[in-house]
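**Q** Could you have a look at this structure, given as structure tokens, before my questions?
The values are calculated or read from the model by the stated rules, or taken from the named source; none is laboratory data. What you see is a predicted model; the values in this text were computed from it and never measured. Quick reminder, even Gly has a Cβ in these numbers, built from the backbone with ideal geometry, and neighbours come from all protein chains shown.
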Amino acid sequence: MDKNIKLELRNITKIFGKNPPKVISLLNEGLSKSEIFKKTKQTVGLNNVNFKVYDGEIFVIMGLSGSGKSTLLRCLNRLIEPTAGKILIDGQDITQMNAKELRDIRRTKIGMVFQNFALLPHRTVLDNVAYGLEIQGIPKEKRYSKALAAIESVGLKGYEHSKITQLSGGMKQRVGLARALANNPDILLMDEAFSALDPLIRSDMQDELLALEDRVQKTIIFVSHDLDEALKLGDRIALMKDGEVVQIGTPEEILTEPADSYVSKFVEGVDRSKVLTAESVMKRPEPLVSINSGPRVAIQLMKNHGISSIYVVEGKNRHLKGILMIGDALEALKTGKSLEVAMFPDSPRVAPDLPLNEVIPLIAESQYPLAVVNDSGKLLGIIVRGTVLGALAVSGENGRTETPEEKNPEEKTSEERKSAGKFFEYKPPEKIVFIGKNKGEVGHSSEDSGVTDGKGDIINDGIDSGAPAKATAKVPLRSDSGSGQEAKTC
Amino acid sequence: MLIPRIPVGDTVEFAVDWIEGNFGLFLDLTSKQLDLLISGLKDALLFLPPEFFIPGISLLSYFAGKRNIKLAAGTAFGFFLIENMELWELSMETLALVLSSALLALIIGIPLGILSAKNNILFHVVKPALDFMQTMPSFVYLIPALIFFGLGNVPGMIATVVFAMPPAIRLTNLGIRQVPKELTEVADAFGSTGWQKLSKVELPVALPTIMAGVNQCIMLSLSMVVVAAMIGVRGLGYQVLFGIQRVDIGMGFEAGLAIVIIAIFLDRITQYLSPR
Ligand SMILES: Nc1ncnc2c1ncn2[C@@H]1O[C@H](COP(=O)(O)OP(=O)(O)OP(=O)(O)O)[C@@H](O)[C@H]1O
Ligand SMILES: [Mg+2]
């Protein structure tokens, strides 16, 4: 991959207020955004932002609401004038350009896609897409043929004469994308372009953007407040906080080497559900048989649940003793042996925080399901092959399996554990020999099991569970930390 | 304590004398031009005799209303009634006055509305003026017009233009200010010039609101043209006034009915012309 610098920001600062020089001197004294706002009633939009974007790269700008993402993006085509600093596009400083030069750059080099589509309601799809060409004075025939090609490239062929009001959200954003592409710009600016779409359509659009990127090789600057989206799309990600860039790196770097507590919180808060550990893929251990029961009980349970092996536990605390196979149980019944003797005591067991990539080889080798056991020997859950496959299908769809260090399970709230279990709940395919099912109610309490309690909140298909996971993951991010007014009101 | 009488009337008289002394020629010229506009339009409207005019205007409203049979039938019937009441010529004179006044009000008002949407300083000057104008009863406008232009159609038209302009300014300004910020950003982000932004994005998006202003402007023009009969404007208003003075109920009522017909016609047509 060639690493031509397409766009470079040098010390970009933006102050919203009446007396920017004063704010800049306060910034130099080291005051924070909120202190400055208290003191001067001026808002620091951006504070000394520096980065480079390479040719053909998808660069994602991420951060909480009010962190300055939109402001930064709008500085790149000077929809917002930066207070200080330089913006170089192909080595040319656009902050020094006069109105005409700026117009030319906007017409030919930079396209923009908006969060709420921003289509012109009085125009058809075709005339919306042709807008950028129209204002360049390109004759009708030529601009329509270019616009049609752009419409086709976003999969809207046949809709060119539709009215905007007849389109669904996803189609509208395709028109928005086509409009930006029609000018054939080198750089695409996208401000939360998919945020207004519902999760499934959104995921489709992300896929299509990636496919498009493969075909046309644009440099894309994509603003998002959603880590999942950023991880999926970004070649590199810049994380913003209070108008400053706190970290720039590849998705892996952001996940595994967070620069400071802000980033790691960001990553944790969003990614908790996606972090794959033994605990997050295990399922509820049911049925279980008590070590004090006879073989007859064990056989009956296995029969009822249609399974060929059962875990043997002791006491209320579900202390794991071993695993009993149906063959051994039948023999024990004949010979009158106790469960303790008949069972296989060294069943494979793993700690709840073992990363999934270490779980995989174990489950591949083992002929039994894996038992997830905590420090005190309590059986928390079981992992069958199907569960892992389901979890991998989800994470594979998101493009990453490698995960950062997981915290101790004790530090998680039960709510989180619940959701972690829930998202990766998986119903094993028939072919796989499995040991437990969710339905049966066996006489042990599951309040303290720490695993999902299986009351109708199960998403059985591991492949689909990606969407709800994203939806919930987004929620904590929207809490506005900003003190100033919303920027989007008009 | 004795407070001397403040010479309000004298001052005004002095000011008027001064203006007439210095701008008399200009006022006369404008007066002539406006008279020409009104009589020209009136002659144009009277060019076709009613037997042709009525089918013509019905057909026009049929297409203006997007093939609306009811609108066309109503128009035909209304204008037929006017002709039948022998008020044709007076009605056309009133219509000519309304249209030329409204046209002038829009030609001034819409650009002023656009400018005040673009320029906050201008907006802060224009807005209180509009608010003030709205508080005044309509016939107050007749006094300055009368002073500078005497009696007749022209002062009536001037008063009408002033009276009917505020909604055109107000709603144009509002419409442009209400254009969503993302849409103006689109215009800028794709490299539009100021004029392209206005003509291809702002005005089309604001058009429904602007057309509401046009509608109000025309309706106010009609009401003012009728009231302006008090300073010698000819047409249906004068007929109503005549009927009142002579206590001729039938005559006053017929002229009033003709006014109502024209009002409804103008209202419907402008409403159908505005996009939704
Ligand atoms: N025109 C403006 N005038 C004053 N302050 C502004 C203006 N535009 C933005 N701000 C402030 O600048 C800061 C950054 O705003 P910005 O819109 O860039 O945030 P964002 O990261 O895009 O947030 P969101 O995710 O909500 O879109 C906020 O504190 C905001 O209040
Ligand atoms: Mg934003």
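**Q** Of all the residues that make up segment B:209-241, how many are within 14 Å of chain A (Cβ to nearest Cβ) and in contact (Cβ under 8 Å) with a residue 40 or more places away in the chain?
**A** The initial filter retains those residues of segment B:209-241 that are within 14 Å of chain A (Cβ to nearest Cβ), namely B:209-211.
Going one step further and asking which of them are in contact (Cβ under 8 Å) with a residue 40 or more places away in the chain, we end up with B:210-211.
Going through segment B:209-241 one residue at a time, the tally reaches 2.
**Q** Further question on the same structure: What are the residues in segment B:73-118 that are within 13 Å of residue B:46 (Cβ to Cβ) and among the polar types (S, T, N, Q), if any?
**A** B:91, B:94
**Q** Output the residues belonging to segment A:173-196 that are assigned to a loop (DSSP other than H, G, I, E, B) and touching a Ser or Thr at 6+ places or on another chain (Cβ under 9 Å).
**A** Result: A:183, A:184, A:185, A:186, A:192, A:193, A:194, A:195.
**Q** Another question, then. Can you name the condition, by its number, that residue A:151 falls short on among (1) in contact with an Asp or Glu (Cβ under 8 Å, 6 or more places away or on another chain); (2) within 16 Å of ligand 2 (Cβ to nearest atom); (3) of a type in the set (A, V, I, L, M, F, W, C)?
**A** Failing condition for residue A:151: (2).
**Q** Still on this structure, I have one more. Got a sec? Which of B:145, B:206 is in contact (Cβ under 8 Å) with a residue 12 or more places away in the chain and more than 14 Å from chain A (Cβ to nearest Cβ)?
**A** The conditions single out B:145.
**Q** Kindly indicate whether any position in segment A:220-231 is assigned to a loop (DSSP other than H, G, I, E, B) and within 21 Å of the chain's Cα centre (by Cα).
**A** yes
**Q** Oh, and also: Given the options A:262, A:311, name the one that is aromatic (Phe, Trp, Tyr) and modelled with pLDDT under 85. Steps first, answer last, please.
**A** Numbers: A:311 fails: modelled with pLDDT under 85.
Of A:262, A:311, the one residue that is aromatic (Phe, Trp, Tyr) and modelled with pLDDT under 85 is A:262.
**Q** Out of the residues in segment B:156-202 that are among the small types (Gly, Ala, Ser) and in contact (Cβ under 8 Å) with a residue 12 or more places away in the chain, state the one that is nearest to the other protein chains (Cβ to nearest Cβ). Please lay out each step first, then the result.
**A** Initially, segment B:156-202 is screened for residues among the small types (Gly, Ala, Ser), giving B:156, B:159, B:164, B:168, B:175, B:187, B:189, B:191-192, B:194, B:199.
Cutting the leftovers down to in contact (Cβ under 8 Å) with a residue 12 or more places away in the chain gives us B:156, B:159, B:164, B:168, B:175, B:187.
Values: B:156: 37, B:159: 36, B:164: 27, B:168: 21, B:175: 13, B:187: 8 Å.
Looking at residues that are among the small types (Gly, Ala, Ser) and in contact (Cβ under 8 Å) with a residue 12 or more places away in the chain, I get B:187.
**Q** While we're looking at this one, here's another question. How about segment B:202-276: which helices (runs of 4 or more DSSP H) wholly inside it have at least 2 residues that are touching a Phe, Trp or Tyr at 6+ places or on another chain (Cβ under 6 Å)? Even if it seems obvious, please write down each step before you answer.
**A** Working: elements: B:203-227, B:236-245, B:249-273.
Counting at least 2 such residues, we get B:203-227.
**Q** If you check residue A:230 against the conditions, is it within 16 Å of ligand 1 (Cβ to nearest atom), assigned by TED's automatic domain parsing to the domain that holds residue A:153 and surrounded by fewer than 21 Cβ atoms within 10 Å (Cβ to Cβ)?
**A** Working: within 16 Å of ligand 1 (Cβ to nearest atom): yes; assigned by TED's automatic domain parsing to the domain that holds residue A:153: yes; surrounded by fewer than 21 Cβ atoms within 10 Å (Cβ to Cβ): no.
The answer is no for residue A:230.
**Q** While we're looking at this one, here's another question. Tell me, please, whether a residue that is in a helix (DSSP H, G or I), of a type in the set (S, T, N, Q) and modelled with pLDDT of 95 or more can be found in segment B:176-187. If you could, list the steps in order and put the result at the bottom.
**A** Initial filter on segment B:176-187 (in a helix (DSSP H, G or I)): B:176-177, B:181-187.
Cutting the leftovers down to of a type in the set (S, T, N, Q) gives us B:184.
This time we only want the ones that are modelled with pLDDT of 95 or more, so: B:184.
Checked segment B:176-187: at least one residue is in a helix (DSSP H, G or I), of a type in the set (S, T, N, Q) and modelled with pLDDT of 95 or more.
**Q** Same structure again: With segment A:32-128 as the region, which helices (runs of 4 or more DSSP H) entirely inside it contain at least 1 residues that are within 16 Å of ligand 1 (Cβ to nearest atom) and either in contact with a Lys or Arg (Cβ under 7 Å, 6 or more places away or on another chain) or of a type in the set (S, T, N, Q) (or both)?
**A** Output list reads A:33-40, A:69-76.
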